[in-house]
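Scroll down for the structure; my scribbles are underneath it.
The values are calculated or read from the model by the stated rules, or taken from the named source; none is laboratory data. Bear in mind that the values here come from a model prediction, so they are computed numbers and not experimental data. Cβ placement follows ideal geometry from the backbone for every residue including glycine, while neighbour counts extend to all protein chains displayed. To get the accessible areas, we keep the full protein, side chains included, count just its heavy atoms, and leave off ligands, DNA and RNA. Shrake-Rupley method; radii C 1.70, N 1.55, O 1.52, S 1.80 Å.
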Amino acid sequence: MNKLTVKVALVGISSQFVHSSLAPWCLKAGLNAYARVQDEAVVVEGTVNEPEQKLLERIAAQRPDVVGIACYIWNIAFVSRLLPLLKKELPDSIIILGGPEVSHRAQDALDSYPEADYVLCGEGEKPFAQFMDALHGLDSMEEVPGLCFKTAEGYHLSPPFQHEDMQPTPYTEAYFNQLNGRIAYLETSRGCPYSCAFCLSGRGEKLRQVPLERAYQELLLLANSGARTVKLVDRTFNADRKRACEILRFLIEQAENNTIPQGLTFHFEIAGDLLDEETLNLVEKSPKGLFQFEIGLQSMDEATLRLVRRRTDMGYLKARVTQLIGLGTAQVHLDLIAGLPQEGLREFIKGFDEAYALRPHALQLGFLKLIHGSAMREEPEAYPCTFDREPPYQVRSTPWLSEADFKVLQTAEHALDKVHNAGRFQLTLRWLTEELRVQPFDLFYQLGQVILTLEEEKGRLSLEQLTQGLYEALLHLVGEKEALLRDLMLLDRFASTQTTVLPDCLKRKDKRAFVVKRALDRLHPRNNDAMRAVGFLYAGEEEQVVWCDYEGQDPVTGLYPLNVAGVTDLI
Ligand code: SF4
């Protein structure tokens, strides 16, 4: 390149507006730290939900000489549509792709996306700076680690690069200006010491950590950025238990000293079988809702886990996860993956029911994806299956799970997501599964069929339509206990949603309503005129009144507190 300095547009494309991509900011920090010519670098953000043309306009407005795009499983289809438009609009700009979605198939990416001049494989901070030096003629392209491109003879290919240590902080004033209350991401460590066969981080990435002092400083910066959630992207936050405890302790102290805003949540991905007494003691002491944990169980079957190169003591893990959830101070999400080796429908359902019995706040049922670079993708003999060749490369069948079995799981997953994971009908679900002993998977499968049928008829369901549909579906499961089903669903409805309007199945005309409401206002006045929902419960021996004032939402469950009194105590 002949210019003395050039302009670089670093493009981050998220799956939703609420996410903010950290990768372009890391590259920008790398340029500042390592590039020999300080070119102007700007970050351009977009989401896959906007028209490509809109993002194109924002990129073109920068008149960049170089466009770098971070590619992931969730945005690669968007990128493939954007690239031809970009090349047409900016024919002289150099386009370079990076990110996990192209890092392990560089040659294929150069062929599939001919508009791209280069693919940068692996971590990018130092290599991207070196690439810019090479553009200025200060280095040779062949020397840039991880850089791949076409040559007259064919291809110049270089394996994915990994830094020895952590990289400069991406958090600058410009970063905070664009964050605008969205979820903030933080990397206090990079890499993972484990080697799960379905995961890219399992390719022997070395674990590297930022010094604790820097982690503290960045946690405080992000905590005070206006974001409601700070998500640590550390692959296994508690891989180093001592360090994890130091960070948790630091955050608890900051919350107690009010140096971080109330209501803020820190989200961590942890290994359940690394939970120890010290961590649990800290979580017990933490302010409610300060922490949120995501635990990838993946499977409840030790033999299946061994086949994907995970070693788990399931008894220990279940005991620790039960303790963690039982503390009630932090929201806990558990993840399962369908499609792992030797796990058929029966085995998966057994594991699902076991995981559900641990009472997680959310149980996420994911479907195996064969991502480029993972052992499962690269060793088809060891991991036989059929899968989509297009992203997100979802597995369609395995020798143990047929396509029809996957459909069954998807049906259950739909209801799980709409009901349990949305925090709806918690008392009803608990009554059905723990007292009436309805098998959890079976329950969600039946509800999933109902919800899908209704959605086919009506499109997206309102909460009224969903409640009515669930009520009718559950009637045949509960036999004569219809009145109790209605009462529990009413309680759930009041606790989870700010509304006084009820669907027909939960409404009961009661001529005492007016008198009861006046009595409640007199005996239990509302604070600050908070909205109040009032209803009657008829299933118990004594008729009762339930009321819910919509304030004081539980920071862990998101539910509003319910109050109950006998009708005769009020009138
Ligand atoms: S799945 Fe989690 S624990 Fe396993 S290699 Fe990936 S990041 Fe590490």
(Q) Treating only the Cβ of Lys, Arg, Asp and Glu as charged (+1, +1, -1, -1), what charge dipole size does region 153-242 show about its Cα centre? Round to the nearest 20 debye. (A) 400 debye
Q: Considering the options GLN16, SER140, HIS372, tell which one lies farthest towards the positive end of the dipole of the chain, charges being +1 on Lys and Arg and -1 on Asp and Glu at the Cβ, about the Cα centre.
A: GLN16
Q: Would you mind computing, in nm to one decimal, how far apart the modelled labels at VAL534 and ASP165 are, each placed 7 Å from Cα along Cα→Cβ?
A: 6.7 nm
Q | Unpartnered cysteines - no second Cys beta carbon under 4.7 Å - across the chain | A | CYS26, CYS71, CYS121, CYS148, CYS192, CYS245, CYS385, CYS505, CYS548
Q) Can you pull the percent of region 290-368's accessible area that's carbon plus sulfur, 1.4 Å probe, other chains left in place? A) 49 percent
Q. How about LYS288: which lysines have a C-alpha closer than 24 Å to its C-alpha, ignoring those fewer than 8 places off in the same chain?
A. LYS231, LYS242, LYS318
Q.
Distance cut-off 24 Å, Cα to Cα: go down the list LYS54/LYS150; LYS54/LYS126; LYS418/LYS509; LYS150/LYS369; LYS3/LYS126; LYS54/LYS418 and report the pairs above it.
A. LYS54/LYS150; LYS54/LYS126; LYS418/LYS509; LYS150/LYS369; LYS54/LYS418
Q.
Between ASP111 and THR229, what is 0.36 nm times their sequence separation minus the Cα-Cα distance? Round to one decimal in nm.
A. 38.6 nm
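About its Cα centre, what dipole magnitude does the chain give when the only charges are +1 on Lys and Arg Cβ and -1 on Asp and Glu Cβ, stated in debye to the nearest 20? Walk me through the numbers on the way to the answer.
Values: 61 positive and 80 negative charges, 209 e Å.
Here the chain has a charge dipole of around 1000 debye.
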Q. By a straight-distance test (C-alpha under 18 Å), which aspartates and glutamates pair with LYS507 as possible cross-link partners, with residues fewer than eight away in the same chain excluded?
A. GLU464, GLU472, GLU482, ASP487, ASP492, GLU543
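What is the packing order of peptides 270-277, 30-37, taking the mean over residues of other C-beta atoms within 10 Å and listing the highest first? Write down the numbers at each step before the final one.
Working: 270-277: 19.1, 30-37: 17.5.
Ranking, from highest mean packing down: 270-277, 30-37.
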(Q) Only four residue types carry charge here, +1 at the Cβ of Lys and Arg and -1 at the Cβ of Asp and Glu. Report the dipole size of region 180-307 about the Cα centre in Debye, rounded to the nearest 20. (A) 460 debye
Q: Using a 1.4 Å probe over the heavy atoms of the protein chains, calculate the carbon and sulfur portion of the accessible area of region 158-262 as a whole percent.
A: 48 percent
Q) Tell me, what is the FRET efficiency for GLU480 and ASP353 to the nearest 0.05, using R0 = 25 angstrom and their Cβ-Cβ distance as r? A) 0.45
Q: Among LEU212, THR172, LEU248, flag the residue with its Cα farthest along the positive direction of the charge dipole of region 159-252, charges on Cβ as +1 for Lys/Arg and -1 for Asp/Glu.
A: LEU248
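Only sites in a loop by DSSP and with at most 12 other Cβ atoms within 10 Å count here; which GluC sites (Glu not before Pro) in region 503-548 make the cut?
Numbers: sites: GLU541, GLU542, GLU543; in loops: GLU541, GLU542, GLU543.
Sparse-neighbourhood loop GluC sites (Glu not before Pro): GLU541, GLU542.
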**Q.** Within-15-Å neighbourhood charge of GLN439 [Cβ basis; K, R +1; D, E -1]
**A.** -2
Q. If the label point is 7 Å along Cα→Cβ of GLU277, which residues in region 222-258 have backbone nitrogen under 19 Å from it?
A. 241-246, 249
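Kindly state, to the nearest 0.05, the FRET efficiency for THR499 paired with LYS206, given R0 = 51 Å and r defined as their beta-carbon distance. Please list the in-between numbers first.
Details: r = 52 Å, r/R0 = 1.01.
Between THR499 and LYS206 the formula returns 0.50.
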Q.
So if each residue of separation counts as 0.36 nm, and I subtract the Cα-Cα distance between ASP521 and ILE571, what length gain in nm does that give?
A. 16.8 nm
Q. Assuming R0 = 25 Å, what is the FRET efficiency of GLN439 and SER462, from their Cβ-Cβ distance, to the nearest 0.05?
A. 0.30
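Per DSSP helix of 4 or more residues, -39500 (n - 2.57); summed, then divided by the residues of the chain. What does that give at 222 nm, rounded to the nearest 500? Let's see the in-between values first.
Numbers: 21 runs with 222 residues, N = 571.
Result for the chain: -11500 deg cm²/dmol, rounded to the nearest 500.
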Q: Count the DSSP beta bridges whose two residues both fall in region 51-188, then state the antiparallel fraction as a percent rounded to the nearest 5.
A: 30 percent
(Q) Can you give me the accessible area per residue for region 457-571, using a 1.4 Å probe, in Å²? (A) 56 Å²
Q.
Using 0.36 nm times the number of residues separating THR151 and GLN449, minus their current alpha carbon distance, what extension gain do you get?
A. 101.9 nm
Q | Selected from LEU429, TRP547, LEU523, residue furthest toward positive end of dipole (the chain; charges at beta carbon) | A | LEU523
Q.
Applying a 10 Å radius around every beta-carbon, put 552-561, 184-193 in order of their mean neighbour count, most first.
A. 184-193, 552-561
Q: Using label points projected 7 Å from each Cα along Cα→Cβ, tell me how many nm separate GLU213 and LYS88, to one decimal.
A: 5.4 nm
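Calculate, for region 282-328, the solvent-accessible area per residue in square angstrom, rolling a 1.4 angstrom probe over the heavy atoms of the protein chains. Provide the component values of the computation, followed by the final result.
Working: 2060 Å² over 47 residues.
Value returned for region 282-328: 44 Å² of accessible area per residue.
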**Q.** Mean Cβ neighbour count within 10 Å, used as a protection proxy, ranking 88-101, 486-499 highest first
**A.** 486-499, 88-101
